[in-house]
Each structure stands twice: as C-alpha cells, then as structure tokens.
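**Q** Take a look at this one; I'll ask things after.
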Amino acid sequence: RDIPFYVIFDETLRTAGSLFPDEGKVSGLPLVPADLGGQDHKWSEDNLEEIDMGWILKGETLEELAAAINADAAEHNFALDGETLTATVDRFNSMCEAGEDTDFARPAEVAEMNNLIALNNPPYYAMRFVPCLCSTCGGPQKNEYGQLIDLNGEVIPRLYGAGVLSHIAGATYPF
C-alpha cells in the first residue's frame with residue numbers, strides 16, 4: 001500500500017494563489033477521484049474549494065492539523081504527534097530566520113526570491129500525496145529497436161534501453 005506523505009503550509013501560501021495554476025487544470029495530481037472531477041477539476045484561485053472538498057486538510061493550530069492528518073491516514077497506521085509536528089515546524093522556522101537550511105542545504109534565495117519562508121501564519125494546512133514513479137523522458141537516446149545511441153549518433157553494441165530509462169515516448173511526456 002502507498003503510505004502517504006503530507007505537504008504542510010500556512011495561510012500565507014493558501015492566499016498567495018492557486019496551488020495548481022496550470023491553466024486552472026489539475027494535471028498529475030494523485031488521489032483525485034473521478035466523482036470529484038478527477039483530472040478535469042479546475043483548481044480554485046484561493047484553494048478554498050479544495051479545502052471544502054477535503055483535498056486540503058486544515059487546522060487552526062499545528063496540533064489540530066496533526067489530528068486531521070491522523071484521521072486522514074488512519075488506514076495506514078500512520079500517526080503524527082502534534083508536539084512532533086510543532087517541534088519540526090519550529091526548527092524549520094528557526095532555519096528560515098537564520099537564512100540557512102542546515103538539514104537539506106536548501107538555498108535561501110532562488111531567482112532573487114526568498115526560498116526560506118517561515119510557517120507562522122495560522123491556520124495551517126496539509127495536502128496528502130503518495131510516492132509514485134514517473135518517466136522523465138530524458139537520459140540516453142535510443143533508436144526504434146531500443147538500442148542506445150552514443151554522443152556521435154552511433155549504436156552502442158549490445159546495449160539497450162528499457163523501462164523508464166529512455167522512455168519509449170521519446171521527447172513527449174506521457175500524460
């Protein structure tokens with residue numbers, strides 16, 4: 001079974017605009033049941049519709065958010081302690097204030113924009129995702145027989161690409 005993970009954010013991000021602004025359509029979002037619009041769902045600009053639909057969980061405090069996550073993930077024997085979530089967010093916020101991510105070396109700025117933004121504007125939110133695989137459609141080039149091609153355009157003897165290595169769809173993304 002797929003064990004979920006949750007993306008945590010606060011009111012600052014919720015009000016910043018649609019979480020999925022790709023022409024308003026959800027593409028590649030997991031766990032979107034067909035009776036809720038599936039891949040044809042047009043994501044709301046303020047994300048409130050998705051909160052009402054239960055796609056985004058909400059808690060006025062981090063402890064309440066942990067309880068909502070626990071209820072959502074109950075079938076997976078998944079439990080998140082409210083104190084642990086609060087301590088994790090506090091640690092993250094202190095790294096944001098210091099301007100240095102000492103856990104994952106996340107840069108403080110990307111494209112001249114702040115990349116370390118504290119989660120300190122309640123209410124808090126969580127979105128469930130599950131691990132999945134995708135094809136990057138990159139990597140080695142291959143011919144119509146699956147033989148890998150070297151940098152000079154020549155077949156590499158006895159070497160074939162299969163699976164997600166050098167996807168069969170070539171330069172297109174299979175959605």
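**Q** With a cut-off of at most 11 other beta carbons within 10 Å, and DSSP calling the residue loop, which chymotrypsin sites (Phe, Trp or Tyr not before Pro) in the range 60-133 qualify? Please list them.
**A** For chymotrypsin sites (Phe, Trp or Tyr not before Pro) across the range 60-133 that sit outside H, G, I, E and B with at most 11 neighbouring Cβ atoms in 10 Å, the list reads 104.
**Q** Residue separation times 0.36 nm, minus the C-alpha to C-alpha distance between residue 145 and residue 110: what's the value?
**A** 8.4 nm
**Q** Below 13 angstrom from the Cβ of residue 59, what's the summed charge of the other residues (Lys, Arg +1; Asp, Glu -1)?
**A** With Lys, Arg at +1 and Asp, Glu at -1, the net is -4.
**Q** Amide H neighbours of residue 5 under 5 Å, counting only residues 5+ apart in sequence or on other chains, H built in-plane at 1.01 Å?
**A** Result for residue 5 returns 129, 130.
**Q** Sticking with the crude label model, points 7 Å out along Cα→Cβ, report the distance from residue 67 to residue 11 in nm, one decimal please.
**A** 1.9
**Q** Hey, can you grab everything whose amide H is under 5 Å from the amide H of residue 56? Only 5+ residues off in sequence or another chain; H modelled, so Pro and N-termini drop out.
**A** For residue 56, the qualifying residues are 51.
**Q** Measure off 7 Å from each Cα along the Cα-to-Cβ vector at residue 76 and residue 44, then give the distance between these two points in nanometres to one decimal.
**A** 2.4
**Q** Right, next: Take 43, 55 and sort them by solvent-accessible surface of the protein heavy atoms, 1.4 Å probe, largest at the top.
**A** So the residues, ranked largest to smallest area, are 55, 43.
The values are calculated or read from the model by the stated rules, or taken from the named source; none is laboratory data. All figures in this text were calculated on a predicted structure; none of them were measured in a lab. With ideal geometry, Cβ positions are generated from the backbone for all residues, glycine too; neighbour counts draw on all protein chains shown. What goes into the accessible areas is simple: the full protein's heavy atoms, side chains included, and nothing from ligands, DNA or RNA. Shrake-Rupley method; radii C 1.70, N 1.55, O 1.52, S 1.80 Å.
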